[in-house]
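Colleague: Below is a structure I'd like to ask you about.
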Amino acid sequence: MKSNLIAYCGLNCEECEAYIATINNDDKLREKVAKEWSIANEVVIAKEMINCEGCRANGKRFPFCDKMCPIRLCGIAKEVETCGDCEKLKTCEKLKMVTDHNDNALDNLLKK
Ligand code: SF4
Ligand code: SF4
């Protein structure tokens, strides 16, 4: 069984600055993450939105990851533990949006 801090897509939520800001209740880091993610995604992200205990954990989640991430929504609908358990692991276009840019994500999904 995978750590519940490995997201459906294979990203390690433990390394995500939103997660780190949340567990340390670090408002300065929340502010930095909100600024960087606003620029990167061309949307306004307020520092109050930077509260996330992980993609698959029970707890608070960043609004995009909670309600909009197509990979998380698909994983939930397919009732897989992560995309690592899905037969489309190597071919899924949605998943490639993450794994094409992050080698660790695929490694995390392949690890049992
Ligand atoms: S689910 Fe939360 S901790 Fe995981 S990548 Fe998304 S924002 Fe970061
Ligand atoms: S179809 Fe793609 S996004 Fe959905 S569970 Fe499978 S690998 Fe993940």
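The values are calculated or read from the model by the stated rules, or taken from the named source; none is laboratory data. All of these numbers come straight from a predicted model, not from anything done at the bench. Positions of Cβ are generated from backbone atoms using ideal geometry, with glycine treated the same way; all protein chains shown enter the neighbour counts.
Colleague: Pick from Glu42, Glu36, Glu53, Glu48: which is more than 9 Å from ligand 2 (Cβ to nearest atom), under 21 Å from Lys2 (Cα atoms) and either surrounded by 11 or more Cβ atoms within 10 Å (Cβ to Cβ) or modelled with pLDDT of 95 or more (or both)?
Modeller: On inspection, the qualifying residue turns out to be Glu53.
Colleague: Please verify whether Lys88 is in contact (Cβ under 8 Å) with a residue 12 or more places away in the chain, more than 12 Å from ligand 1 (Cβ to nearest atom) and not in a helix (DSSP H, G or I), treating the condition exactly as stated.
Modeller: no
Colleague: Moving on. Kindly indicate the residue of region 80-105 that is surrounded by 14 or more Cβ atoms within 10 Å (Cβ to Cβ) and more than 11 Å from ligand 2 (Cβ to nearest atom) and also farthest from Leu11 (Cα to Cα) among those meeting that condition.
Modeller: Asn102
Colleague: Mind listing whichever residues of region 1-20 are without any contact (Cβ under 8 Å) to a residue 60 or more places away in the chain and aromatic (Phe, Trp, Tyr)? Show your work before the answer.
Modeller: Taking region 1-20 and keeping what is without any contact (Cβ under 8 Å) to a residue 60 or more places away in the chain, we get 3-5, 13-20.
Result: Tyr19, single match.
Colleague: Still on this model: I need the full set of residues from region 65-79 which are of a type in the set (Lys, Arg) and more than 8 Å from ligand 2 (Cβ to nearest atom), in order please.
Modeller: Once the filter is applied, which keeps residues that are of a type in the set (Lys, Arg) and more than 8 Å from ligand 2 (Cβ to nearest atom), region 65-79 yields Lys67, Arg72.
Colleague: In region 70-79, what count of residues is obtained for those that are free of Cβ contacts under 8 Å to residues at least 12 places away in the same chain and buried (at least 20 other Cβ atoms within 10 Å of the Cβ)?
Modeller: Of the residues in that region, 0 qualify.
Colleague: Can you tell which of Lys2, Lys112 is assigned to a loop (DSSP other than H, G, I, E, B), more than 16 Å from ligand 2 (Cβ to nearest atom), modelled with pLDDT under 95 and charged (D, E, K, R)? Steps first, please.
Modeller: On the way: Lys2 fails: more than 16 Å from ligand 2 (Cβ to nearest atom).
So the residue among Lys2, Lys112 that is assigned to a loop (DSSP other than H, G, I, E, B), more than 16 Å from ligand 2 (Cβ to nearest atom), modelled with pLDDT under 95 and charged (D, E, K, R) is Lys112.
Colleague: Can you name the condition, by its number, that Tyr8 falls short on among (1) hydroxyl-bearing (Ser, Thr, Tyr); (2) near ligand 2 (Cβ under 9 Å from one of its atoms); (3) at pLDDT below 95?
Modeller: Tyr8 satisfies all of (1) hydroxyl-bearing (Ser, Thr, Tyr); (2) near ligand 2 (Cβ under 9 Å from one of its atoms); (3) at pLDDT below 95 except (3).
Colleague: Failed condition for Lys67, given (1) surrounded by 12 or more Cβ atoms within 10 Å (Cβ to Cβ); (2) more than 9 Å from ligand 1 (Cβ to nearest atom), with all others met?
Modeller: So the condition that Lys67 fails would be (1).
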